[in-house]
Amino acid sequence: TTGRIDFQNVHFRYANHPLPIYSQCSLSIEAGERVGLVGPSGSGKSTFVKLIQRLYDLSGGRILIDGQDVSEVTQESLRSQIAIVQQEPILFHRSLAENIAYGRPGASQAEIEQAARLASAHDFIAPLPKGYGTLVGERGLKLSGGERQRVAIARAFLANAPILILDEATSSLDSESEVLIQQAVDRLMVGRTTLVIAHRLSTVRSLDRLLVFDRGRIMEDGDHAALINLDGGIYRRLFERQALELAKGLA
């Protein structure tokens, strides 16, 4: 399998920021490992995935994908290694087929439909009068949030990249879409190195490993069962707080 990620003594600070976000950050993520990135807002989770995509250059250290330094490869080859599903996916004012094929412009209709089936999107696309030829309204506004999300997941299936980044892909949906999308995401993660930025911890309990960030440092590293048992642990505290908020909301 491909998709191993190594951070080696990574040092990074934003240009307008006096303090570094990361200082001497080292860790390895195995190919095919499913990892949740957890921690309070501003703790460095999003920066972590931005650095893997080389949206910023490091102040020191290296990030390797399969042993290759991301700063020494072309943006194009780096992009082909990484598929991203965002909380608010960006769709273009083109047909649904073209939106799905965005990561692989030469894809055949059969490949596009297969990706849509895997993403639980075929069932809402096929009955449309123009089917896959239906134009998406400006910025995807004709589709519901759940439908847009499934188009983005179909796009990721078609791109077939070894590394997958999920930015809280199920956070703002009704429960029926959420179940469909969670199933599609579970299929999408199989055999891929997956990084899940999670605000709701219930979405990452079943992953292989959780990295708990606090002010740019990885403070805890383990699976849900190990971290929930850490006395005074950050993850345990966040998890209990969310469970309490949820219980209050339901009361």
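Every number in this text was worked out from the coordinates using simple rules, so none of it is lab data. Remember, predicted model here, so these are calculated numbers, not experimental data. So basically every Cβ, Gly included, is an ideal-geometry build from the backbone, and we count neighbours across all protein chains shown.
Each 5 Å bin from 0 upward holds the following percent of the Cα-Cα pairs of region 28-170: 2, 9, 18, 20, 17, 14, 10, 7, 3, 1, 0. Against the chain, whose longest principal axis is taken from its Cα atoms, helix 175-189 shows a tilt of about 70°. Between the entries (i) 37; (ii) 46; (iii) 40, the label attached to percent of Cα pairs over 25 Å apart calculated for this structure is (ii). Could you state the angle between the C-alpha long axis of helix 234-250 and the longest principal axis of the C-alpha atoms of the chain, as a value from 0 to 90 degrees rounded to the nearest 10? The two axes meet at around 50 degrees. Compute the helix-to-body angle for 109-118: its Cα long axis versus the longest principal axis of the chain, expressed 0 to 90° and rounded to tens. Computed tilt is about 50 degrees.
Under Stokes-Einstein, with the Kirkwood radius over Cα pairs as Rh, the value for region 5-87 at 4 °C and 1.567 mPa s is 96 µm²/s. A run of the chain free of exposed loop cleavage sites, with chymotrypsin sites (Phe, Trp or Tyr not before Pro) counted only in DSSP states other than H, G, I, E and B and at most 14 other beta carbons within 10 Å, reaches its longest extent at 93-251.
Shown for Val179, Val204: other C-beta atoms within 10 Å of each C-beta, ranked fewest to most, produce the order Val179, Val204. Once the C-beta distance of Thr134 and Asp208 is scaled by a Förster radius of 45 Å, the resulting FRET efficiency is 0.75 to the nearest 0.05.
Cut-off 10 angstrom, C-alpha nodes, Gaussian network model of the chain. Which of Leu128, Leu78, Leu238 fluctuates the most? Greatest mean-square fluctuation among the candidates belongs to Leu128.
Here region 76-138 is treated as an ellipsoid with the same Cα gyration tensor; its semi-axes, largest first and in whole Å, are 20, 14, 12. What the Cβ-Cβ distance of Ala226 and Ala15 gives, at R0 = 41 Å and to the nearest 0.05, is a FRET efficiency of 0.65. DSSP beta bridges confined to the chain are antiparallel in about 50 percent of cases.
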